[in-house]
Amino acid sequence: MFGVIFRSGKIFAVLCFLFVGACTATYKNHGYVPSEADLAELVVGVDSRATVDDVIGAPSASGVLSGGDYYYIRSRFRTFGMFKPEVVERQVLAISFDQGDTIQNIERFSLADGNIVPLTRRVTDSSVVNNGFLRQLLGNIGNIDPSEIFN
């Protein structure tokens, strides 16, 4: 009798442990921002775009026009269970250049600096997002032209 209760208690404890372990937060890092030691090697007003490329590397994002400013972006996301990922940390390093490609300014921004700036990309919307499977299937019935089948 006590063996069955003890065994079921162990099973319950293991299930509780697995349930709690599955709900722990998971952190993911995206992007790259150079360290302060690397930035200390750059001198504002002296170094050029080529020096930045050699010392800390070219960024994955730069200004819209060719020869634009450099932006290094690092984000840290926390995912907790089934919930949507949440941005817990974001750093943006902006290096601006003057007309002669000399460093004009180096600025660092984070979430604590004010408004959260969403870093998004433009994606073409699909027309099938709000349509269920049956609506897509039945919606094509009238769109078939029999003359196209044999050509």
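Any read-out appearing in this document is the output of simple, stated calculations on the displayed coordinates, not a laboratory observation. Computed from a predicted structure; not experimentally measured.
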Task: Value of D in µm² per second that Stokes-Einstein yields for region 23-108, Kirkwood Rh from Cα pairs, at 37 °C (0.692 mPa s) - done: 230
- [ ] Give a residue-ordered list of calculated ³J(HN,Hα) values for region 88-99 (Karplus: 6.51 cos²θ - 1.76 cosθ + 1.60, θ = phi - 60°; whole Hz; x for Gly, Pro).
- [x] 9, 8, 9, 10, 10, 10, 10, 10, 9, 10, 8, 4
